[in-house]
Structure formats: structure tokens, C-alpha cells
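Below: the structure, in C-alpha cells.
Read-outs: derived from the displayed coordinates by stated rules, not from any lab. What you see is a predicted model, and the numbers here were worked out from it, not measured in a lab. Every residue, glycine among them, receives a Cβ derived from its backbone with ideal geometry; neighbour counts consider all protein chains shown.
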Amino acid sequence: MKDERQRDGLVDILLVEDNPADVNMLRESFRESKIGNELHVVNDGERALDFLHQRGAFTTAPRPDLVLLDIGLPKMSGLDVLAEIKADPDLRRIPVIILTTSESEEDVFKSYDLHANSFITKPVHLTQLFELLKTIEDFWFGIVKLPSR
Amino acid sequence: MPERGIPQGKRRTREQDAGIQRQIAFATDLFYGDARMRTLLESLAEGIVIIDSSRTILLVNAAAENMFGYRREELIGKPHAILIPERLREIHEEDQTRYFAEPRIRPMGALLDLVARRRDGSEFPVEISLSFIESENGILVMALVSDITVRKRAEDDLLAANTELQRSNRELELFASVTSHDLQEPLHTITSYTELLAHKYREKLDQQADAYMHYIVDAATHMHLMINDLLAYARIGTRGKPFEPVAMDAVLGLALNNLRKSIEESGATVERGELPEVDGDGVQLTELWQNLIGNAVKFRKKDMPLQVRISAERRGSEWVFGVRDNGIGIEPRFFGRIFEVFRQLHPREEYAGSGMGLAICRKIVERHGGRIWVESAFGEGTSFFFTLPVRGIDHER
């Protein structure tokens, strides 16, 4: 619920990304963001599902308000993770944004077929990335009404 | 009972011998009694073998002699099984029995691949059509035999080439998807971290460092563009859509719309002639127009307004489309090379791009069965032309 999110003033974002350089870059960028956020990072698909199901090493993990999901992940691809999230009645309401280097139309189709909430190709340039994260925050935590947790 | 299907079999009785001699004489008279018919049968490229219900060869023509490597006196009166490889005789025999029980005309191609045996024991693939004659001496079967060694080899080669093509297409697709994902990622990292470095340490580094970082980002960005365009080029063949009727007017409209911003900025005027409908891949034809018109915009003269003229003219069985501009032009010595992959005539600081645009154009045009070329007076403008087949005409590809 929005109230709950406002209580600690933080939104929880789960980033599923295996490339440490990208993780670091996004962390840096989110740090500059106006909206208070807690960025949780897991580096493969299985851990992402453990996090979401609050099991294994993640029993105390919060339920994220937003998932940023890469496609090219070790073990389990991002699309597999997406499929599982969207097939789960408990998890499917969490907005999932595919954030990937891929510009392939096939990945776009597959993602939306699996009910991704949006598909974003990682911008090449830093200023574009800053802008993108600001837009994500403005839209998902400013404009959009999210379901209660 | 005559021996069936066994060459050089047990001795026939005298009575049987006499019967066979009668059959041979009968068949010879029937087919070769008439001189014109004889000439005809002897001049055929196909081998003719006539047997009776005892599977004894009664008559062969010249082509059959050549094909099987026997003289005809070596064949006539012998069981026809000597023309069949031993390993297949049994199967063949069953087939023959069925045929004699219920004879009918079997055309070429209605049979499976058959193999015949030459005198020296070697084998060759044949196609056989059978017809029969009901005579007062019983049923005679006429086999028309074609040696299909050459065709078969061509078919096998074609099949092998096809399999290889499919394999290499699959490999290309795999390569392409690896390219789009895996090769882009390190480039991303190089670009974004160099920029982060510039962003965070702006005051601590000097001007020269800024220039170096600019070069790194510039090179990485260019490589990103090249990879994407190479991918697009590779996929023209593998990802193309099946051809359907495409209104060239409509796809030109799409292309102009995509280019609207740069056309407006350059103050260009585009003059459109009437364009026909062609068979093609609409997405690729849009890209074709877009690349050609985009080129005109890019290589315009700075000191005069750009004019682009688009036309189509029918020449015989093909349409010739033209994109003419009054831009900077191209030197004739480069006419051929501009369609090559990664070919650029100008330094990148002056004209950005991957050098793939015209290579992509050529590949699209060629996929559509056409040709593309350029005409230009250096300094006075450039005209690109490409052809596409006129719809509804059977074009030899």
C-alpha cells in the first residue's frame, strides 16, 4: 500500500543483473535519485525467485515494489524468471521491467507475451541512463497507482 | 515351369527352349517388323527391355545395350534378373509377380528409386516405366529404362547443398544473436564507465584526459553502430518475410515519414513520381528507400537546397526506380565500391555512419531479384537506380 511505502519513505527495487559493472552503474545512478529507494541486487534467476518467494537466504527479504530484470542471466534466463513471476498469482502484480542490452524484436515480443510490464533497452550513454532512471521513478512511483503489498 | 529370376539357371527343357524362341520371334516381329518403328525404338535415349511372363528377355534396343554393357545377343533369351543387382532380386521378383497378376501402365516417377546392374557388376540408378501388351502369346511387359545417374547426382548435390545452407543459416542466426547480446555488453560497459569517469572526475582530470575519454566513447559508440548494422545486414537473408504485393508508394511514404525530421532540418524538397506495386518484403523495401533518401540528405551540398526526385519507369519485364539528388556526388572510381560492407568514402568526423547503408540496400535489392547501381557527376549530384521485377511475369531467377 502506498501508506506503507511512505512509512519508511523507501521503495524497494529488486535488480536482477549478473554484470557487476552494470549493477554498480545502476547503483550509482539510483543513489543520485530523489526518491528514497532501497536497491536489492541478485545476480541470477534462481536467486531472484528465492528473493521473491522469501526463501533460502532471503527469508527476511521485503516484497519489492518493482523488479528490474535482465534477460541474459546465468542458469535461468530472465524470460524464464518472468514467466514464473507472471504465472504466480501472488507475484504477478509486481511490475516487472525488462532491462537488457538486447534490441532484438524477438526478445521484445517474448517479453510482452509473458506479460512484462515494459521492455527497456539499456541506454548506451550515461546521461540517457540517468534520464531513464528518473523516468522510471517518476512513472512507477509518481504517476502509476500500484496495488497494495 | 521356366526358372524364374535366376540368371544362368538350371537348363531349360527343349520344349521350354522352343517356347522361348517362339516368343522372341513374336516380339521381334511385333516391334521390329516395321522399319520405321525399329528406327524409332533404336534411336531412343531410353533403354527398352521387353520380357514375357516367364521374365525372359525377348528384346532390347541399342540404348539398353549401352546402358547395361551387354550386346543384345547376350541378353535375349536370358532371365531379366541379370539386369538387377543380386541383393534386390527377391524384392524385384515379388514386385514383378504382382505386376503380372494385375498389369497396368506405370508412369515414370511412380516407382521408387531403382537400381540396375551392368555387365561388369557395377550399379546405376534408373527410373523405369512399365507398360504391357496382351498378345495371343500372353502378356508382354515393356520396360522403358532411363539412366538417372547424372540427375541423381545433381539431386544429391542439391540436397547436400540445401542441408549445408540450412546449417549455415542456423549458425548465422546463432552468431547474430550472440552478436546482439554478448558483444554489445562489454561495449556498453566501456562507454558508460568512461562517461562516469568523465562525470565524476571532471575537475580532477585535465583537458587532454577529456579528449582521450571522448575518443574511447566515440570508438565504442561507432562499434555499437557497426555491430547493429552488420546484424541487420546478416539478417536480410535469414529473417526476411515472404514476398507479398507491396505498394511502393506506401512504403516510400513510410520511409519519408521516418526521415521527416532530417528532411525538414535540411530543407529538402522531395518530388515523388507515380510508383507501381511490386512483389516484396515491405519492411525491407521501406528500409531501402529510407537508406537511399537518407543518403541524399546526408551527402547534400551545404550551400544549396537539396532536391530529391523519386521515379519509376518500366523497362521490359522490370521496373527501374530512381532516387536522384543534387548533392555532392560521387567520383566514378568509387561507383562499385560504395556497395561493399563497411565502405566509407568520407572521414567519420565529416559524415557519421557505419558504412553499411548501401551494402544493406544491395542485399535487399538482390533478395528481390533486382540490381542496384549509381550514376553521378562528381560535384553535381547522385542518382541511385534499382530494378525490381514487374509483378505477374514469370521471371527466371
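Just a few scattered comments:
- For region B:281-357 and region B:214-237, distance of Cα centres in Å: 20
- Taking only the alpha carbons of region B:45-96, we obtain Rg and Dmax values of 10.8, 28 Å in that order.
- Environment charge of B:T28, counting only residues whose C-beta is closer than 14 Å and scoring Lys/Arg +1, Asp/Glu -1: -2
- C-alpha center-to-center spacing [region B:33-81, region B:150-169] in angstrom: 35
- Here region A:1-124 is described by how far its Cα atoms reach on the three principal axes: 41, 34, 25 Å, from widest to narrowest.
- For region B:242-397, the relative contact order comes to 24 percent (Cα pairs under 8 Å, sequence separation of at least 6).
- Among B:N291, B:N137, B:N228: highest mean-square fluctuation, GNM of chain B, C-alpha pairs under 10 Å: B:N137
- Candidates A:L126, A:L39, A:L79: whichever shows maximal mean-square fluctuation once chain A is modelled as a Gaussian network with Cα springs under 10 Å: A:L126
- Helix axis angle, B:149-178 relative to chain B longest principal axis, alpha carbon, degrees: 30
- In terms of its Cα atoms, region B:242-397 spans 46, 30, 25 Å along the principal axes, sorted from long to short.
- Cα-based shape type of region A:14-79, given that a ≥ b ≥ c are square roots of the gyration tensor eigenvalues and the cut on a/c is 1.5: oblate
- For region B:150-240, the share of alpha carbon pairs falling in successive 10 Å distance bins from zero is 15, 29, 20, 16, 10, 6, 3, 1 percent.
- Given +1 at the Cβ of Lys and Arg, -1 at the Cβ of Asp and Glu and no other charges, the dipole of region B:242-397 around its Cα centre is 400 debye to the nearest 20.
- Local charge for B:F68 was computed over the other residues whose Cβ lies under 12 Å away, with Lys and Arg +1 and Asp and Glu -1, and equals +1.
- Angle between chain B longest axis and helix B:248-258 axis [Cα atoms, degrees, rounded to 10]: 40
- Orientation-averaged projection of the protein assembly as shown equals 42.7 nm² [convex hull of Cα atoms, one quarter of hull surface area].
- Candidates B:R343, B:R167, B:R118, ranked by Gaussian network fluctuation over chain B, Cα under 10 Å, top entry: B:R118
- Where labels lie 7 Å past Cα in the beta-carbon direction, separation of A:T127 and B:A18 in nm: 11.3
- For region B:348-390, the residues whose backbone nitrogen is under 13 Å from a point 7 Å from the Cα of B:E331, taken along Cα to Cβ, are B:378-379.
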